[in-house]
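Asks: Below: one structure in structure tokens.
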Amino acid sequence: MTEDTQAGPVIPVPAAAVLLCYDGSETSKHAVAVAHQIAGDRPALVLHLWEPPGRAWMTADAFGGTPAWGAEMTELDAVVRERAGRLLADGVRLAREAGFDAQGRLESNPGAEWRAILDIADEVDASLIVVGARGLSAVQSALLGSVSNAVVHHAKRPVLVVPALS
């Protein structure tokens, strides 16, 4: 599902746009500013991936013994989507304040984040993918995985990984 930060059709992204991966964290905010220092005044696409409530949310344990089906899941989905839209709007605002000619893309992603990032980068022919590093230790990264690490190792285009602020 592809959405823009405004209601209406999705605007085509100019070729050679910088793909800014934004999750609302301090690291991703910092990555937007650093990216503009490096890439300059170029078009940018701010990408926010949101995970729709999955089957795990529908188990009886998650809802006090009653499976969440129908209206409950629809309401939960709407709340999660609305929060994701606010995060995306914040990312687009930050990118514009940094100097990018930015637009946003909200993408539902029930799978691997790194794969979605690379697929979208290919789709829009991004000139650069920008991700923030979360500053995980080696053990945390091994246990939890690392989106930035996977993007770097699987990308076929330049990737800028901006380290976490100290």
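Asks: Restricting the stretch 94-112 to residues that are among the charged types (D, E, K, R) and loosely packed, with under 15 Cβ neighbours inside 10 Å, which is farthest from A44 (Cα to Cα)? It would help to see each step written out before you state the result.
Replies: So in the stretch 94-112, the residues among the charged types (D, E, K, R) come out as 96-97, 101, 105, 107.
This time we only want the ones that are loosely packed, with under 15 Cβ neighbours inside 10 Å, so: 97, 101.
Numbers: E97: 12, D101: 6 Å.
Restricting to residues being among the charged types (D, E, K, R) and loosely packed, with under 15 Cβ neighbours inside 10 Å, the top hit is E97.
Asks: If a residue has to be crowded, with 19+ Cβ neighbours inside 10 Å and more than 19 Å from W114 (Cβ to Cβ) to count, how many in the stretch 40-54 make the cut?
Replies: Of the residues in the stretch 40-54, 2 are crowded, with 19+ Cβ neighbours inside 10 Å and more than 19 Å from W114 (Cβ to Cβ).
Asks: Output the number of residues of the stretch 75-121 satisfying the condition of being in contact (Cβ under 8 Å) with a residue 40 or more places away in the chain and of a type in the set (V, I, T).
Replies: First, pick out the residues of the stretch 75-121 that are in contact (Cβ under 8 Å) with a residue 40 or more places away in the chain: 85, 87-92, 94-95, 98-110, 113-114, 116-117, 120-121.
Subset that is of a type in the set (V, I, T): 92, 117, 120.
Final tally of qualifying residues: 3.
Residue-by-condition table, conditions (1) surrounded by 12 or more Cβ atoms within 10 Å (Cβ to Cβ); (2) at pLDDT 90 or above; (3) part of a loop (DSSP other than H, G, I, E, B):
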{"residue": "E72", "(1), (2), (3)": "yes, no, no"}
{"residue": "V79", "(1), (2), (3)": "no, no, no"}
{"residue": "V92", "(1), (2), (3)": "yes, yes, no"}
{"residue": "W114", "(1), (2), (3)": "yes, yes, no"}
{"residue": "I129", "(1), (2), (3)": "yes, yes, no"}
{"residue": "R134", "(1), (2), (3)": "yes, no, yes"}
{"residue": "V161", "(1), (2), (3)": "yes, yes, no"}
{"residue": "A164", "(1), (2), (3)": "yes, no, yes"}
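The values are calculated or read from the model by the stated rules, or taken from the named source; none is laboratory data. None of these values were measured; they are calculated from a predicted model. Glycine also receives a Cβ, built like all others from the backbone with ideal geometry; neighbour counts cover every protein chain displayed.
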